[in-house]
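What follows is a set of notes on a single structure, which appears directly below.
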Amino acid sequence: MTLLSFTALLRDSERVSAVGTLGPHGTSSEAAARHFIRLSGSDSAQPPIQLFGTYEEAGAALRDGQVTHLIVANAYSAVNQFYMDCELALANVFVMDTPLYGIAVQRNGTVPDSPTIATHPAPEPIIGQLLSSSHTTYKVIHSASTSAAAQAVTDGIADLALTTVPSAELHGLEFISDTRPILMVWSVFTRAEPTARAA
């Protein structure tokens, strides 16, 4: 979608005052929210981004009027609930590369032969693409976000994290694998008009 068509569509919907998405700091969703604000061509001071523990919490904030827009990754396994919610309306979609993903360890940390790897469920399939072939077995534990996966390594819950460059930097991790982006579709939701809700 071109910038022209994107901003034209936004002119017909609620202006961007505050954007809610999945946190904490360092998530791909936060990067997508910043990208959306740039695409929206907001001519005021940059709207704030509010980060939540889950997409569902961010959706509740949209319904309550705490934010005007909600950004959800279409790779999220439960994204359908936002499309079906009669209180929400799909305002736009956009395509964006995520920040670079890789497998990270605590600085100067050691990696066991069969490591435990923390990851958000959505990017889990790329673990096999990135993990060294010397690790023939590993255990995956799911985290609420890419940033939470990095935090799991810091907290000693996992040996490794599949996480992004911003999250790795935030939590003091270093990559032991190549890094790559993931080209994703992101959905933008606003509150539905009262007539649409009644329908």
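The values are calculated or read from the model by the stated rules, or taken from the named source; none is laboratory data. What you are looking at is a predicted structure, and each value in this text was computed from that prediction instead of being measured. Note that we place each Cβ from the backbone using ideal geometry, even for glycine, and neighbour counts take in every protein chain shown. The accessibility values were calculated without ligands, DNA or RNA, using every heavy atom of the protein model including side chains. Shrake-Rupley method; radii C 1.70, N 1.55, O 1.52, S 1.80 Å.
Taking S40 as meeting all but one of (1) modelled with pLDDT of 95 or more; (2) open to solvent by less than 30 Å² (accessible area, probe 1.4 Å), write down the number of the exception.
Just one mismatch for S40, condition (1).
Of everything in the range 149-196 that's in contact with a Pro (Cβ under 7 Å, 6 or more places away or on another chain) and in a strand (DSSP E or B), which residue is farthest from Y101 (Cα to Cα)?
L160
E30 passes all but one of (1) modelled with pLDDT under 90; (2) among the acidic types (D, E); (3) buried (at least 21 other Cβ atoms within 10 Å of the Cβ); which number fails?
For E30, the exception is condition (1).
Scan the range 177-184 and tell me whether some residue there is surrounded by 13 or more Cβ atoms within 10 Å (Cβ to Cβ), over 30 Å from T68 (Cβ atoms), out of contact with any Cys (no Cβ under 7 Å at 6 or more places or on another chain) and among the acidic types (D, E).
There is no residue in the range 177-184 that is surrounded by 13 or more Cβ atoms within 10 Å (Cβ to Cβ), over 30 Å from T68 (Cβ atoms), out of contact with any Cys (no Cβ under 7 Å at 6 or more places or on another chain) and among the acidic types (D, E).
Any residue in the range 188-198 that is under 22 Å from P112 (Cα atoms), open to solvent by 20 Å² or more (accessible area, probe 1.4 Å) and modelled with pLDDT of 95 or more?
No; the residues of the range 188-198 include none that is under 22 Å from P112 (Cα atoms), open to solvent by 20 Å² or more (accessible area, probe 1.4 Å) and modelled with pLDDT of 95 or more.
List every residue pair whose Cβ atoms lie under 8 Å apart, where the two residues are 6 or more positions apart in sequence or sit on different chains, the first residue falls within the range 149-175 and is free of Cβ contacts under 8 Å to residues at least 12 places away in the same chain, and the second residue, located anywhere, is open to solvent by 60 Å² or more (accessible area, probe 1.4 Å).
Taking only residues 6 or more apart or on different chains, not a single pair turns up.
Filter the range 75-85 down to residues that are more than 11 Å from I182 (Cα to Cα) and part of a loop (DSSP other than H, G, I, E, B) and give me whichever is farthest from the chain's Cα centre (by Cα).
D85
Looking only at the range 95-143, count every residue that is more than 20 Å from L22 (Cβ to Cβ) and open to solvent by 10 Å² or more (accessible area, probe 1.4 Å) and tell me the total.
Adding up the residues that qualify gives 22.
When you go through L170, L162 one by one, which is the residue that is crowded, with 21+ Cβ neighbours inside 10 Å and within 28 Å of A78 (Cβ to Cβ)? Give the derivation first.
Values: L170 fails: crowded, with 21+ Cβ neighbours inside 10 Å.
The match here is L162.
Do you know which residues across the range 86-133 are assigned to a loop (DSSP other than H, G, I, E, B), without any contact (Cβ under 8 Å) to a residue 60 or more places away in the chain and over 14 Å from the mean Cα position of the chain (by Cα)? Spell out the reasoning first.
Going residue by residue through the range 86-133, those that are assigned to a loop (DSSP other than H, G, I, E, B) are 86-87, 98-100, 107-115, 120-123, 131-133.
Add one more test, that the residue is without any contact (Cβ under 8 Å) to a residue 60 or more places away in the chain, and what stays is 108-110, 112-115, 120-123, 131-133.
Selection gives N108, G109, T110, P112, D113, S114, P115, L131, S132, S133.
Does A144 fit the bill of being modelled with pLDDT under 95, assigned to a loop (DSSP other than H, G, I, E, B) and touching a strand residue (DSSP E or B) at 6+ places or on another chain (Cβ under 8 Å)?
Against the criterion (modelled with pLDDT under 95, assigned to a loop (DSSP other than H, G, I, E, B) and touching a strand residue (DSSP E or B) at 6+ places or on another chain (Cβ under 8 Å)), A144 qualifies.
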